Amino acid sequence: MKSVVISGSGLFTPENIITNDELVASYNQYVDQFNGQQATAIVAGDVVALEYSSSEFIEKASGIKARHVLYKDGILDPNVMHPVFPRRSEEQPPEMVEMALSAAREAMAQANKTAADIDLIICAASNMQRPYPALSIELQQLLGVAGYAFDMNVACSSATFAISNAVNAIRGGTAKVVLVVNPEFASPQVNYRSRDSHFIFGDVCTATIIEAEESCTANNAYRINGMRLKTEFSNNIRCEVGYTEHCLPADPLVPFFTQQGRKVFKELLPIVAEVIQAEMALQQVKPEQLKRLWLHQANINMNIFAAKKILGRDPEPEEAPLVLDTYANTASAGSIIAFHKNKTGLQAGDHAILCSFGAGYSVGCLVLQKC
Ligand code: CO8
């Protein structure tokens, strides 16, 4: 079987930052307005008063201290509470394509690849800004890449599932060098009026170059020795909005991400541990051989729990790096940001895990080895 590597990675980080304190101040202003307007109904017991959010809760429950967003305007205005941005014309690439272009260029430079080398682009993310023409095909045109491109979505596992598609395309002979991009423009799907979820997501884009080891000239590449993907249906992380929306009775909550966070935590972790351990056993990698765990970034406690289960002891911070504190949950991009920012310092032959988990449920695990 052809040996395939991740030869480059790239990251686009939006300039705008929203801290927990800023987010909580705006949410609490909204609470005061709402409770004031609904005072009579609240006293009559017809409406439940909203409670304040708190920075302390957010950091303790999730590990998140801040997040990057493409558009800050509107999110912090208690009368708006969503990002505000102009509609783009057909001639202008949408935000997701623009983010992808930037991350792709960094990944290509790292991998010593030009547009002429790439023959497949996969755009993999939790949401696409439009169903068609595929965002990946617009990116293909902007980069000047021949070959083919497609979009795919497995929510938080979109990146790992796309890398596995890239490996299979290379092994199957339909591509030689694959660019995978993960533009996560999450902020429009966040319900900033919900205390339970207003703090969870940030915007970002990651990119990776996947190619056969024989064509790789990069000096910080990782061989993909094992891949294990698993899905199991659950409604505990869900978004309803789809192309049929305008035909249905209006529901103001429909566009938003919703979840049963506690249930997700409890149900998903055993699946994550099972998937990682099964692939490690197949690849004959022992816990003590693992030098790094680049895990999905949804919750600090979840990451520590998963790392502890795999290593059989508490992880050192550098063994299971976190980017949650500054990036928040960035859906499929999270584990790739952790990889991109923490992939140096390993020796040739060292083993590592890159694993995503989230809605579906879906888990994507790659067993990697430094080249
Ligand atoms: N401030 C103060 N108090 C709060 C707040 C807040 N902001 N929010 C909730 N509380 C209160 C609750 O009301 C509750 O009060 P009470 O005990 O009186 O009922 C108390 O705090 C505890 O609430 P929870 O039980 O909900 O708190 P948890 O400790 O479970 O923490 C988390 C909540 C952080 C959400 C946690 O459950 C979690 O992270 N779970 C894991 C979830 C996860 O991994 N989800 C994956 C989602 S990502 C994904 O799959 C991608 C989807 C596609 C992306 C779409 C882009 C938008």
Task: Dimensionless Rg ratio for the chain, taking C-alpha atoms and the 2.2 N^0.38 Å reference - done: 1.00
- [ ] Would you mind working out the magnitude of the charge dipole of the chain relative to its Cα centre, with +1 at each Lys and Arg C-beta and -1 at each Asp and Glu C-beta, to the nearest 20 Debye?
- [x] 1080
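Quick one: net charge of Leu135's neighbours, Cβ under 14 Å, K/R +1, D/E -1? Don't skip to the answer; put the middle values down first.
Working: positive: Arg88, Arg130; negative: Glu90, Glu95, Glu98, Glu138, Asp151, Glu184.
My count for the surroundings of Leu135 gives -4.
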Task: Segments 180-192, 313-325, 244-256, 55-67 sorted - mean Cβ within 10 Å per residue, highest first - done: 180-192, 55-67, 313-325, 244-256
Open item on the list: Apply the a/c threshold of 1.5 to the C-alpha gyration tensor of the stretch 296-357 and tell me whether it is rounded, prolate or oblate.
Closed with: oblate
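Please work out the FRET efficiency for the pair Glu267 and Arg171, using the Cβ-Cβ distance as r and a Förster radius of 25 Å; give the result to the nearest 0.05.
On the way: r = 33 Å, r/R0 = 1.31.
According to the calculation, E is roughly 0.15.
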Task: Cα lying deepest toward the dipole's positive end in the stretch 228-277, options Phe265, His246, Phe233, charges on Cβ - done: Phe265
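Mind giving me the FRET efficiency for Val43 and Gln260? R0 is 30 Å, r the Cβ-Cβ distance, nearest 0.05 is fine.
Taking R0 as 30 Å, the efficiency between Val43 and Gln260 is 0.50.
Expressed as a rounded percentage, what relative contact order does the chain have, with Cα pairs under 8 Å and six or more residues apart?
Values: 827 pairs, mean separation 86.4, N = 371.
23 percent.
Could you put Val154, Val97 in order of accessible surface area, largest first, with the 1.4 Å probe and the full protein assembly present? Please list the in-between numbers first.
Values: Val154 30, Val97 5 Å².
Greatest to least solvent exposure: Val154, Val97.
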Open item on the list: Charges at C-beta only: +1 for Lys and Arg, -1 for Asp and Glu. How large is the resulting dipole of the stretch 190-298 about its Cα centre, in Debye rounded to 20?
Closed with: 460
Open item on the list: Considering only protein heavy atoms and a probe of 1.4 Å, how much of the accessible area of the chain is carbon and sulfur, as a whole percent?
Closed with: 52
- [ ] May I ask you to order 39-46, 331-338, 116-123 by the average number of other C-beta atoms within 10 Å around their residues, highest value first?
- [x] 331-338, 116-123, 39-46
Task: Cα-Cα over 31 Å, subset of Lys263/Lys308; Lys65/Lys308; Lys113/Lys308; Lys176/Lys309 - done: Lys113/Lys308; Lys176/Lys309
- [ ] Please calculate how many Å² of accessible area the chain carries per residue, with a 1.4 Å probe and no DNA, RNA or ligand atoms counted.
- [x] 45
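With both partners inside the stretch 222-370, how many of the DSSP beta bridges are antiparallel, as a percent to the nearest 5? Before the final figure, lay out each step's value.
Numbers: 19 of 24 bridges.
Counting only bridges with both partners in the stretch 222-370, antiparallel ones make up about 80 percent.
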Task: Distance between modelled label sites at Asp73 and Phe34, nm, 7 Å Cα→Cβ extension - done: 2.6
Task: Alpha-carbon radius of gyration plus Dmax, which is the widest Cα pair, for the stretch 222-370 in Å - done: 16.8, 58
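Using helices alone, I'd like the mean residue ellipticity at 222 nm for the chain: each DSSP H run of four-plus residues gives -39500 (n - 2.57), total over residue count, nearest 500. Walk me through the intermediate numbers first.
Details: 10 runs with 117 residues, N = 371.
Computed ellipticity for the chain at 222 nm equals -9500 deg cm²/dmol.
Checking the a/c ratio against 1.5 first, then a/b against b/c, what shape does the Cα gyration tensor give for the stretch 1-154?
Values: a/c = 2.96, a/b = 2.28, b/c = 1.30.
Prolate is the answer for the stretch 1-154, as a/c is 1.5 or above and a/b outweighs b/c.
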Open item on the list: What distance in nm lies between label points placed 7 Å from Cα along the C-beta direction at Val241 and Tyr148?
Closed with: 3.1
TODO: About the Cα centre of the stretch 222-370, how large is the charge dipole given +1 on each Lys and Arg Cβ and -1 on each Asp and Glu Cβ? Please answer in debye to the nearest 20.
DONE: 380
Task: Among Leu50, Ser62, Val24 - extreme Cα towards positive end, dipole of the stretch 1-98, charges at beta-carbon - done: Ser62
Task: 3J(HN,Hα) from dihedral phi, the stretch 274-283, Karplus parametrisation 6.51/-1.76/1.60, rounded to Hz, x for glycine, proline - done: 4, 5, 5, 5, 5, 6, 4, 5, 4, 8
Task: Ordering of 221-232, 98-109 by packing [mean C-beta count within 10 Å, highest first] - done: 98-109, 221-232
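The values are calculated or read from the model by the stated rules, or taken from the named source; none is laboratory data. Everything numeric here is computed off the predicted structure, so don't read it as measured data. We place every Cβ from the backbone using ideal geometry, glycine too, and count neighbours over all the protein chains shown. Note: accessible area is taken over every heavy atom of the protein model, side chains too, but ligands, DNA and RNA are not part of it. Shrake-Rupley method; radii C 1.70, N 1.55, O 1.52, S 1.80 Å.
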